[in-house]
Amino acid sequence: MTPALDPDGPIGVFDSGVGGLSVLRHVRARLPHEDLLYLADSAHAPYGDRSPAWIRARSVQLCEWLVSHGAKAIVVACNTATAAAASALRAHLTLPVIAMEPAVKPAAAATRSGVVGVLATSGTLESARFAALLDRFTAGIEVLAQPCPGLVEVIERGELDGSATRALVARFVRPLLTRGVDTIVLGCTHYPFVRDVIAAAAGPGVAIVDTGPAVAQQVERRLSEAGLLTPALAPGRDRLITTGNAAAAATVRLLWPEARVEVLDLELAPPDRWAP
């Protein structure tokens, strides 16, 4: 028998690294009384070039850890992990699982030129989930998928506004501009941390769309439907954990300076965990 979920339990959130903190801040703003338990798998970031089977097995292990520490819901704050593992997680967990998807639908509704760019990892852009998203929401719209190799890594190092980061972003944004893009979707949760750099490279006529606020709204809705919103009135607590080293912990502190950061040694799961 599955034990009843505790409304006073934390919301568990995981990502390949620090990127999911961009989602966590929207969840914190929307749900100020909830406890948040964040797990950054920085020891194995980025996920974008790993196999779907590996990502699925690792996502399972991270979720099992979060559940064992009282999580009442899981937020998969990683587009690549969503593409590879969301279905398996939902099939095997009895608690709410809220996952990411690039904000293609609102971008398609907002574009004036009819051309939308999506910045994301290769793992996200090559997934069946992303292809299905395009089929559902982009009739009559041209979508330019732009992989961004190396961008997650510089963000993981905390290099958010240096000349090398600006040059890297410009290299990814420039081809989109030449094709007439007027809307760019941030298809990786790391990318909001360089949103200003992306906006500067794109120029004032290009809208930047982030999925974080919509995910936070979905978290609130799912918890409300399940009767799992905390009755507490005190401010919620934040517990932030990284599987990385001291440098990874320093990046977490850079992006969330008010929180104490713990380092966790969590060994890799066998590759066949919850295999399809």
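Quick grid of which residues meet (1) farther than 19 Å from L268 by Cα; (2) in contact with a strand residue (DSSP E or B) (Cβ under 6 Å, 6 or more places away or on another chain); (3) in contact (Cβ under 8 Å) with a residue 24 or more places away in the chain; (4) not charged (D, E, K, R):
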| position | (1), (2), (3), (4) |
| --- | --- |
| S16 | no, no, yes, yes |
| R25 | yes, no, yes, no |
| P32 | yes, no, yes, yes |
| V67 | no, no, yes, yes |
| A71 | yes, yes, yes, yes |
| V76 | no, yes, yes, yes |
| T80 | no, no, yes, yes |
| A83 | yes, no, yes, yes |
| A110 | yes, yes, yes, yes |
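For L223, the conditions (1) without any contact (Cβ under 8 Å) to a residue 40 or more places away in the chain; (2) outside any strand (DSSP E or B); (3) crowded, with 16+ Cβ neighbours inside 10 Å; (4) not hydroxyl-bearing (S, T, Y) are fulfilled apart from (1).
Just wondering, is there one or more residues in the stretch 93-105 that are closer than 30 Å to S68 by Cβ and surrounded by fewer than 17 Cβ atoms within 10 Å (Cβ to Cβ)?
There is at least one residue in the stretch 93-105 that is closer than 30 Å to S68 by Cβ and surrounded by fewer than 17 Cβ atoms within 10 Å (Cβ to Cβ).
For the stretch 38-48, the condition of being within 16 Å of V219 (Cα to Cα) and crowded, with 24+ Cβ neighbours inside 10 Å holds for at least one residue.
Residues in the stretch 226-267 that are under 30 Å from V185 (Cβ atoms), touching a Ser or Thr at 6+ places or on another chain (Cβ under 8 Å) and part of a strand (DSSP E or B): T242, V261.
The set of residues in the stretch 146-193 being farther than 15 Å from A120 by Cβ and either part of a loop (DSSP other than H, G, I, E, B) or among the polar types (S, T, N, Q) (or both) consists of R157, G158, E159, L160, D161, G162, S163, T165, T178, R179, G180, D182. Considering the stretch 121-144, and only residues there that are within 17 Å of the chain's Cα centre (by Cα) and aliphatic (A, V, I, L, M), the residue that is farthest from G48 (Cα to Cα) turns out to be L133.
Just so you know, all these numbers are worked out from the coordinates, no wet-lab data involved. Predicted model only: the values in this text are computed from it and were never measured. Glycine gets a Cβ as well: all are built from the backbone with ideal geometry, and neighbour counts include every protein chain shown.
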